[in-house]
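The values are calculated or read from the model by the stated rules, or taken from the named source; none is laboratory data. Everything quoted here is computed from the prediction, not taken from an experiment. To get the accessible areas, we keep the full protein, side chains included, count just its heavy atoms, and leave off ligands, DNA and RNA. Shrake-Rupley method; radii C 1.70, N 1.55, O 1.52, S 1.80 Å.
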Amino acid sequence: MGKCFGKPDRNAEPQETSPIYSGAEYTPSREQRKPVNQVKKAVGMGNDVSKQRLDAASKTGIYNITGKESKEFPKDCLKVSNLRVLTLDKCQLLKVPPEISSLAASLQKLMLPNNKLRSLPAELSAFSALQQIDLSGNALESLPDCFAVMQKLKDMTLASNQLTSLPASIGSAKNLKVLDVSNNRLSSLPAAIGDLVNLEDLDCNSNRISSLPDTMGGMKRLKRLNACHNQLAAGAIPGALMRDTPLDSLRIEGNPLAGLKDEDGYAEYEKRAKTHELKNIDQRVRTGDLSLGLGTAEQYAAMHKT
């Protein structure tokens with residue numbers, strides 16, 4: 001009788017058949033280790049950069065990140081007790097945390113342009129040391145009622161957002177000199193804007209503004225107003241604004257209002273505007289800048305005799 005072979009044991013442990021495993025400890029090759037080493041190196045470099053940035057901020061009071069699409073607010077900056085300038089530009093930020101209030105006593109410049117912010121924390125109402133704010137190029141739909149304490153604020157840029165209104169408290173920023181709210185969705189400016197008695201430059205172009213508030217006649221230092229590309233029609237510009245302020249540059253292109261000659265206060269405004277333009281031409285003549293080809297101040301005056 002031939003030799004009999006038994007049936008295989010179904011409960012037996014399967015034998016390792018991997019061509020890589022040989023019973024000894026597996027050691028990856030240099031090529032296999034390369035991606036892992038690159039990740040470790042990148043993490044290490046990232047940590048080094050963060051530490052260097054934090055060390056520099058502690059010494060200079062300036063924290064700056066530009067072009068890093070992290071989307072997260074870098075909370076390590078909140079550890080800097082004497083931070084004066086915070087710049088986070090093109091970082092794809094979605095939110096500013098309430099903890100930013102820890103910087104309220106020292107922060108002078110808050111620069112968060114070109115992000116994706118839709119709102120701001122109410123804690124900004126504690127920032128009494130702020131002198132400059134740049135929130136341009138975000139998606140802000142509204143602003144917190146936070147300006148009452150900002151008595152040192154001089155320059156604020158809110159351009160290219162989705163603002164439909166400005167809070168009345170903006171009139172409390174008494175030392176504001178430059179305000180840019182261009183390229184938003186504003187249908188009006190608050191009456192309180194007339195309380196900005198030190199404002200010199202107001203840019204509200206490319207909105208949906210149909211009239212300017214009468215209170216703007218009290219803006220005793222306003223010199224430049226850009227109201228292009230709005231919905232201003234005849235009678236929409238207060239006579240007091242053109243008559244009683246030092247306004248000498250008023251731009252209204254792209255509005256239903258065809259011109260200013262028939263508007264109340266135009267005669268007074270025209271005198272200031274011409275004087276301002278003559279000074280500019282004289283300055284260009286003295287400095288040799290004739291790039292606009294306007295000639296001398298005398299030639300300009302002769303061309304514009306009335």
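Beyond a 30 Å Cα-Cα separation, which of these cross-linked pairs lie in this structure: LYS51/LYS71; LYS71/LYS174; LYS79/LYS223; LYS109/LYS274; LYS109/LYS220? Table pairs above 30 Å Cα-Cα are LYS71/LYS174; LYS79/LYS223; LYS109/LYS274.
Computed across region 156-228, the Kirkwood radius stands at 11.9 Å (inverse of mean 1/r, all Cα pairs). Solvent-accessible surface of protein heavy atoms, probed at 1.4 angstrom with all chains present, puts SER106, SER101 in the order SER101, SER106, largest first.
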